[in-house]
Structures are given as structure tokens and as C-alpha cells.
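Report on the structure given below.
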């Protein structure tokens, strides 16, 4: 079972920067050196065996019931990944005098994106005491963590490519405009690139959900159960008696 740690991102139509030609001419340098860094950061997986079966049933899971037994499903373990992105941008400000006015060109200089993933695996303490069941459940949940890490790696590369496309386009530089307008130009450029990155993160989240759901199917759950007879026996007791409320 997996929990999807990214909050859904609401991505509106990407803002198009104003294309009004500068009254001071097309004189901004377009070949200034630029730097792009997109870094996935994988934290250490944390393990939690302190929660009871009853505690785990109170945790809402975003997944379908893989068993299909009268819509009855019990949670023995789950994996959770929180993915947080941090974006930092620096700009070049190229000052000049045109038509007796002090004007500036603004362009991207450095774009640094960090995508950090922190993951944890929780196993019901009643099951963690049994070595076979604990190992089988950890093996299953570690696959969910692997899916998350593969998605982060894949979309780190995709985000880097999207940023490179923007930095090679006409949107990579604005101006020249009066110097007092430079902060607004930089703000709009920052906002535009953040939207590009947010859209890729949303696509990643959608694909993550698809991958997790494809993995969390009946066959995988029964494969876990087939490794340990105790798993099957415990499940039968839960289906018959329910989780103890004491």
C-alpha cells in the first residue's frame, strides 16, 4: 500500500510573458552563460513498528481494495513518501543607456532545483514480531519506495530538459526596459519557470499513482501472503472477527 506524499498541484495555463517589443531596441545579449542544476535527494527510509493493527485501520489509504472480499480490507503495512521541491533562481541584469535613459535587460543566470524524497514504512506491531511476515511486508513496501525514487529520477531529468528549453527560448531574456521595471520582469520570469516546473511535478504525481495502483493488485498481495502461512491465518481471523477494538 502506498500513500502519495505530494499535495495535488493546481496548475493553470502557463503565463506568457509580455511580447511587446522594447522601445529601446533589440539589444539584449542572448548568449550569456547560464547554469541549470536539478538534484534528486533521497533520504534514509524510516521504519515504524509502534502502531497496532487497529491504529493502521484508522489511516486513510488512497488505493482500491485488492481483495474484493465484500469490500473488506485490512491494512497490515503501508509506505509513505513525502516529496518536496525547492527552486532557486538568479538573474543577470545588464544595464545600458539608450535614448538618454537608464535601461536594463533581465535574463536567467542560474536555476537550481532540488527534489527531496523522505520515505517511511509502517508495519503493524502484531505482525512485525514474526520475522517471515515482517520481511515479506517490508519487501512489498520497499517496492513502493523504489517506484517513488524511480519517478523522482525520471522527472528530475525531465524538469532539467524543460528548463533548458525555456533558457534557450525568447523567454530567457526580457528588455531592455527602464531599470525600475527590472524587478517586475524578474518576478514574471520566475513565475513562468515555476509554472513549468510545477506542471512536470503534477505529471510525475499522476504517473506515480498509476504505477502504485498497478503494483497494488491482488496478485502482489497474495504473493506476500503465500510466503508466510501466518499471514494467511492472520488475515482469515481478521476477516472473520475483525480488528480487536480493545
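Among the residues of region 164-175, are any under 30 Å from residue 74 (Cα atoms) and either surrounded by fewer than 16 Cβ atoms within 10 Å (Cβ to Cβ) or modelled with pLDDT under 95 (or both)?
Looking only at region 164-175, we keep the residues that are under 30 Å from residue 74 (Cα atoms), and these are none.
Scanning region 164-175 turns up no residue that is under 30 Å from residue 74 (Cα atoms) and either surrounded by fewer than 16 Cβ atoms within 10 Å (Cβ to Cβ) or modelled with pLDDT under 95 (or both).
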If I filter region 78-90 for residues that are touching a helix residue (DSSP H, G or I) at 6+ places or on another chain (Cβ under 9 Å), modelled with pLDDT of 85 or more and more than 30 Å from residue 160 (Cβ to Cβ), do I get at least one hit? yes
Is it the case that some residue within region 126-139 is within 13 Å of the chain's Cα centre (by Cα) and either in a helix (DSSP H, G or I) or farther than 30 Å from residue 207 by Cα (or both)? no
Condition met for residue 115 (crowded, with 21+ Cβ neighbours inside 10 Å, in a helix (DSSP H, G or I), touching a residue at least 12 places away in the same chain (Cβ under 8 Å) and touching a helix residue (DSSP H, G or I) at 6+ places or on another chain (Cβ under 8 Å)): no
Among the residues of region 1-49, which ones are at pLDDT 90 or above and exposed (fewer than 11 other Cβ atoms within 10 Å of the Cβ)? 44
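The values are calculated or read from the model by the stated rules, or taken from the named source; none is laboratory data. Please read these numbers as outputs of a predicted model, since none were measured by experiment. Please note: Cβ atoms are built from the backbone with ideal geometry, for glycine as well, and neighbour counts cover all protein chains shown.
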